[in-house]
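The values are calculated or read from the model by the stated rules, or taken from the named source; none is laboratory data. Worth saying up front: this structure is predicted, and the values here are computed from it rather than measured. Because the Cβ atoms are built from the backbone with ideal geometry, glycine has one as well, and the counts that use them run over all protein chains shown.
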Amino acid sequence: MSTVGGMAGSVPATPHADSVGKPPLPRRAADFLRRNEETGWRGVAWVAVILPLAALVFAITVLAVKAWPVIGHNGWYFLYGRTWTYGNQGYGGGPGATFGAWAIIWGTIASSVIAIVIALPLSIGAAFALTERMPTWISRPLGFTIEILAGIPSVVIGLWGILTFAPWLAHNVYPHIASVMPDVPVLRYFRSPTGTGEGLLSAGIVLALMIVPIITSTTRDLFTQVPPLPKEGASALGMTDWEVANKVTLPWVRSGIIGATVLGLGRALGETIAIAMIGGAALHIPTTIYLPFTTIAATILTQLDGQLANPQGVSTLAELALVLAVISVAVNLIARVIVNRTGRVGAPLGGA
């Protein structure tokens, strides 16, 4: 028997055949723990991906089940009808109830469009000023202030809007707008009467103020990720600041801006308490942009409590919520299509 150093009883110089090629036990344990860790993180990632989708499917399914008893009764009239009445028994519901939600759906879309039209240029301009035009000692506190504005509760903004902002607009701004508008079919919607502050335009402006911080914060972060070399090269070629922003910065982050806009639009579509306070809760399409209206979320908020004892009314409000969910999903799908068509972040100019 061969021994190390020729001494009897020493450890054999050649390992046992069963242990040849096997790593030490600590290394095998480390590999086992690493594989388990990777499997665990992969499982957590799958759960994180599936949970939001499962929650959306569950919510829409519950709404559909709750609304199913009245979907056939209301029919397509629910989407295009303009008469919303709970029947012979008044607000509690009863025979003769008619539910046409077009005015409510129209108010939801119209107020959100007004908010986006006002908020998007303001947000992009504010983000550009914070990242390109202002020194750091000013841009940082201003950016922090904008982020704080995004966290103000809706009820606070709604109370400020109905008590202060909307009446001020009705007495100092709307009369001037109405007086300068020509009497033509398209612009007649902006003429008098201007109302008392509760109305579509006031709600749209307040919604814009609520979503400006969301779009601005996201757009500002996108602007900071644009590499400096393309902008410096454009400036060296003689482009003005506006041309650099229009030809380099905005195309570089256009997909991200679309995503930020969709986030703001989602907030506007689903806003409830502020619209319920400022909109006026009128279940008809206003004759001018200054008069009261309502939205889907505000209608559910203001009428659900009175319909809890009326199964038909609750199911109808569930159908209304289902319509809002479909609108929100459709908006996100349209935004996804637009993003895919316009290209990825950092794509070459001109869509090449």
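For residue 206, indicate whether it is exposed (fewer than 14 other Cβ atoms within 10 Å of the Cβ) and assigned to a helix (DSSP H, G or I).
So residue 206 does not fit the description; no.
Considering only the stretch 179-219, how many residues are modelled with pLDDT under 90, closer than 21 Å to residue 139 by Cβ and touching a Lys or Arg at 6+ places or on another chain (Cβ under 7 Å)?
Going through the stretch 179-219 one residue at a time, the tally reaches 0.
Tell me whether the stretch 245-263 contains one or more residues that are over 19 Å from residue 123 (Cβ atoms) and part of a loop (DSSP other than H, G, I, E, B).
Looking through the stretch 245-263, none of the residues is over 19 Å from residue 123 (Cβ atoms) and part of a loop (DSSP other than H, G, I, E, B).
Within the stretch 136-147, can you find the residues that are loosely packed, with under 15 Cβ neighbours inside 10 Å and in contact (Cβ under 8 Å) with a residue 40 or more places away in the chain?
147 - this is the single residue of the stretch 136-147 that is loosely packed, with under 15 Cβ neighbours inside 10 Å and in contact (Cβ under 8 Å) with a residue 40 or more places away in the chain.
Looking at (1) surrounded by fewer than 18 Cβ atoms within 10 Å (Cβ to Cβ); (2) free of Cβ contacts under 8 Å to residues at least 60 places away in the same chain, which one does residue 309 not meet, given that it meets all the others?
Evaluating residue 309 over (1) surrounded by fewer than 18 Cβ atoms within 10 Å (Cβ to Cβ); (2) free of Cβ contacts under 8 Å to residues at least 60 places away in the same chain leaves (2) as the failure.
Just give me the residues in the stretch 220-256 being over 22 Å from residue 140 (Cα atoms) and aliphatic (A, V, I, L, M), in sequence order.
229, 234, 236, 237, 239, 244, 248
Can you find even one residue in the stretch 266-274 that is over 25 Å from residue 153 (Cα atoms), in contact with a Ser or Thr (Cβ under 6 Å, 6 or more places away or on another chain) and touching a residue at least 12 places away in the same chain (Cβ under 8 Å)?
no
Cβ contacts < 9 Å: first residue under 15 Å from residue 323 (Cα atoms), restricted to the stretch 49-75; second residue among the polar types (S, T, N, Q) and not in a helix (DSSP H, G or I), any location; separation 6+ or different chain. Result?
Listed pairs, sorted by first residue: 74/98.
Can you find a residue that is without any contact (Cβ under 8 Å) to a residue 12 or more places away in the chain and among the charged types (D, E, K, R) anywhere in the stretch 173-186?
Yes, because at least one residue in the stretch 173-186 is without any contact (Cβ under 8 Å) to a residue 12 or more places away in the chain and among the charged types (D, E, K, R).
Given the structure, is residue 277 modelled with pLDDT of 90 or more and either in a helix (DSSP H, G or I) or out of contact with any Pro (no Cβ under 9 Å at 6 or more places or on another chain) (or both)?
Against the criterion (modelled with pLDDT of 90 or more and either in a helix (DSSP H, G or I) or out of contact with any Pro (no Cβ under 9 Å at 6 or more places or on another chain) (or both)), residue 277 qualifies.
Quick check on residue 133: is it at pLDDT below 90, among the charged types (D, E, K, R), surrounded by fewer than 17 Cβ atoms within 10 Å (Cβ to Cβ) and in contact with a Ser or Thr (Cβ under 9 Å, 6 or more places away or on another chain)?
Answer is yes for this residue.
Between 335, 321, which is modelled with pLDDT of 90 or more, assigned to a helix (DSSP H, G or I) and surrounded by 16 or more Cβ atoms within 10 Å (Cβ to Cβ)?
321
Hey, can you tell me all the residues within the stretch 259-285 that are of a type in the set (Val, Ile, Thr), in contact with a Leu (Cβ under 8 Å, 6 or more places away or on another chain) and surrounded by 19 or more Cβ atoms within 10 Å (Cβ to Cβ)?
Residues satisfying the conditions are 261, 275.
Of all residues in the stretch 94-130, how many are surrounded by fewer than 19 Cβ atoms within 10 Å (Cβ to Cβ), under 30 Å from residue 311 (Cα atoms) and either acidic (Asp, Glu) or under 23 Å from the mean Cα position of the chain (by Cα) (or both)?
Of the residues in that region, 3 qualify.
So which residues in the stretch 155-172 are farther than 28 Å from residue 193 by Cβ and touching a residue at least 12 places away in the same chain (Cβ under 8 Å), if there are any at all?
The one that is farther than 28 Å from residue 193 by Cβ and touching a residue at least 12 places away in the same chain (Cβ under 8 Å): 155.
So, residue 261, is that one of a type in the set (Ser, Thr, Tyr) and over 26 Å from the mean Cα position of the chain (by Cα) or not?
no
Only one residue in 234, 245, 208 is in contact with a helix residue (DSSP H, G or I) (Cβ under 7 Å, 6 or more places away or on another chain), free of Cβ contacts under 8 Å to residues at least 40 places away in the same chain, among the small types (Gly, Ala, Ser) and within 28 Å of residue 341 (Cβ to Cβ). Which one?
Just one listed residue meets the conditions, 234.
Is one or more of the residues making up the stretch 282-295 touching an Asp or Glu at 6+ places or on another chain (Cβ under 8 Å) and of a type in the set (S, T, N, Q)?
The answer is yes; a qualifying residue exists.
Go through the stretch 228-258 and count every residue that is under 23 Å from residue 210 (Cα atoms) and either surrounded by 19 or more Cβ atoms within 10 Å (Cβ to Cβ) or of a type in the set (Lys, Arg) (or both).
5
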